[in-house]
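> Starting off with a structure, shown below.
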Amino acid sequence: MDLKKIDTERNNVESRDFSSMSIKDSVSLMNKEDIKAVQCIEPEIDKISKVIEYTSQALKNKNRIIYIGAGTSGRLGVLDAVECPPTFGVDYDTVVGLIAGGENAFVKAKEGAEDSFSEAEKDLEKINFTKGDVLIGIAASGRTPYVIGAIEYAKSLGAHAFAVVATKNSEIKNHADITIEVVPGPEVLTGSTRLKAGTATKLVLNMISTISMKEIGKVYQNYMVDLKLSNKKLYQRGINILRDITSCDEETAIKVLEASNGHVKAGIVMILLGVDYETAVNKLDNNNGIIDEVIHK
């Protein structure tokens, strides 16, 4: 393979003196380069939006979003996936992150795992991947065999398979239904895609998971109304959300949270419509769990 043709492998002329720079100059350079990780996303907004139409529909149909990647790309997928249950109140099988080499590879790299086409198929079979699920393959270089193998397996089942890469016109583009190409340019440290490429990729994954969850009613206004109140900080956040949205006092918020078993979304409906917990839950169940639909009927 000719790595020189891959954007993530090119040398950055701005950082050629990086090894001899002062600490302050090094920080300034990295900060300047990191701005490109945000800027490179705008040209891909249409593609990202289209992918989210599929991922949100999968969730509405009680199917899953599956991230899959190797190395840093795989870790980013796992990171985004594991944050969904506490943030949106979904179970750990709703958004799943798979990394080449298995869970242990998250903290200790498993050399060579990314080079296997067949291992991806085995990993997807283990989680009972079906055609109703949506696959997001993540590969900064756009050529990772493990990710290509996953995409091909998903498509063989009739599933939608997309990709997020950090280079233009990559091999994966020939396999995925849609390839999101966020290209922030060569890294400060040549080839180290945990830097700008990783940052740009995580921003895209943030969009996919957050907006997909918003589309299925896990957000009201700009609050995470299905969060799990699993510690003191989150319990207080639940109180604050109720107070902000309904303009109630803290005492009322606490009483409603107790009556709703810590279900913030139901608590909001209880206060806004003046109903009990059971009625609030029934109204949510009859309106796809979307508060906007409940209160505007």
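The values are calculated or read from the model by the stated rules, or taken from the named source; none is laboratory data. These numbers were taken from a predicted model, which means no experiment stands behind them. Ideal geometry is used to build each Cβ from the backbone, glycine not excepted, and the neighbour counts take in all protein chains shown. We work out accessible area using only protein heavy atoms, side chains counted, and drop any ligands, DNA or RNA first. Shrake-Rupley method; radii C 1.70, N 1.55, O 1.52, S 1.80 Å.
> Does region 74-82 contain at least one residue that is in contact (Cβ under 8 Å) with a residue 60 or more places away in the chain, open to solvent by 30 Å² or more (accessible area, probe 1.4 Å), closer than 17 Å to I211 by Cβ and among the charged types (D, E, K, R)?
No, the conditions are met nowhere in region 74-82.
> Select from region 262-297 the residues that are of a type in the set (K, R) and assigned to a helix (DSSP H, G or I) and write down the one among them that is farthest from L59 (Cα to Cα).
My answer is K283.
> Here are some conditions: (1) acidic (D, E); (2) open to solvent by 90 Å² or more (accessible area, probe 1.4 Å); (3) over 19 Å from A159 (Cα atoms). E53 meets all but one. Which one does it not meet?
Evaluating E53 over (1) acidic (D, E); (2) open to solvent by 90 Å² or more (accessible area, probe 1.4 Å); (3) over 19 Å from A159 (Cα atoms) leaves (3) as the failure.
> Within region 97-107, is even one residue farther than 24 Å from V219 by Cα, open to solvent by less than 30 Å² (accessible area, probe 1.4 Å), assigned to a helix (DSSP H, G or I) and at pLDDT below 95?
Checked region 97-107: at least one residue is farther than 24 Å from V219 by Cα, open to solvent by less than 30 Å² (accessible area, probe 1.4 Å), assigned to a helix (DSSP H, G or I) and at pLDDT below 95.
> Next up: Checking I68 against (1) of a type in the set (A, V, I, L, M); (2) touching a Pro at 6+ places or on another chain (Cβ under 6 Å); (3) within 21 Å of E125 (Cα to Cα): exactly one of these is not met. Which one?
Here I68 clears every test but (2).
> Next up: Has region 35-46 got any residue that is among the small types (G, A, S), open to solvent by 30 Å² or more (accessible area, probe 1.4 Å) and over 23 Å from E103 (Cβ atoms)?
no
> Can you tell me which of (1) assigned to a helix (DSSP H, G or I); (2) open to solvent by less than 10 Å² (accessible area, probe 1.4 Å); (3) in contact (Cβ under 8 Å) with a residue 24 or more places away in the chain is the one G217 doesn't meet?
(1)
> Conditions first: (1) buried (at least 17 other Cβ atoms within 10 Å of the Cβ); (2) more than 24 Å from the chain's Cα centre (by Cα); (3) assigned to a helix (DSSP H, G or I); (4) not hydroxyl-bearing (S, T, Y). I208 passes all but one, so which condition is the exception?
(2)
> Are there any pairs with C-beta distances below 9 angstrom linking a residue in region 36-51 that is at pLDDT below 95 and charged (D, E, K, R) to a residue that is in a helix (DSSP H, G or I) and buried (at least 20 other Cβ atoms within 10 Å of the Cβ), with the two at least 6 apart or on different chains, and if so which?
none
> Which residues, counting only those in region 4-52, are in contact with a Pro (Cβ under 6 Å, 6 or more places away or on another chain), in a helix (DSSP H, G or I) and of a type outside the set (G, A, S)?
Within region 4-52, K36 is the sole residue that qualifies.
> Can you tell me which residue within region 227-251, out of those that are among the aliphatic types (A, V, I, L, M) and part of a helix (DSSP H, G or I), is modelled with the lowest pLDDT? Before you say what the answer is, go through the steps one by one.
First, the residues of region 227-251 that are among the aliphatic types (A, V, I, L, M): 227, 229, 234, 239, 241-242, 245.
Now drop any that are not part of a helix (DSSP H, G or I), which leaves 234, 239, 241-242, 245.
Numbers: L234: 93, I239: 97, I241: 97, L242: 97, I245: 97.
Only one residue fits best here, namely L234.
> Right, something else. Somewhere in region 111-118, is a residue open to solvent by 30 Å² or more (accessible area, probe 1.4 Å), touching a residue at least 40 places away in the same chain (Cβ under 8 Å) and of a type in the set (D, E)?
Taking every residue of region 111-118 in turn, at least one turns out to be open to solvent by 30 Å² or more (accessible area, probe 1.4 Å), touching a residue at least 40 places away in the same chain (Cβ under 8 Å) and of a type in the set (D, E).
Results for (1) basic (K, R); (2) under 17 Å from the mean Cα position of the chain (by Cα), shown as yes or no for each residue.
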| position | (1), (2) |
| --- | --- |
| I6 | no, no |
| E9 | no, no |
| K32 | yes, no |
| P85 | no, yes |
| D93 | no, yes |
| A100 | no, no |
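> Of all residues being in contact (Cβ under 8 Å) with a residue 12 or more places away in the chain and charged (D, E, K, R) in region 255-292, which is farthest from S212 (Cα to Cα)? Just the residue, please.
D276
> Return a yes/no flag: does region 195-203 have any residue that is open to solvent by 10 Å² or more (accessible area, probe 1.4 Å), of a type in the set (V, I, T) and closer than 22 Å to N63 by Cα.
Looking for residues that are open to solvent by 10 Å² or more (accessible area, probe 1.4 Å), of a type in the set (V, I, T) and closer than 22 Å to N63 by Cα, one finds none in region 195-203, hence no.
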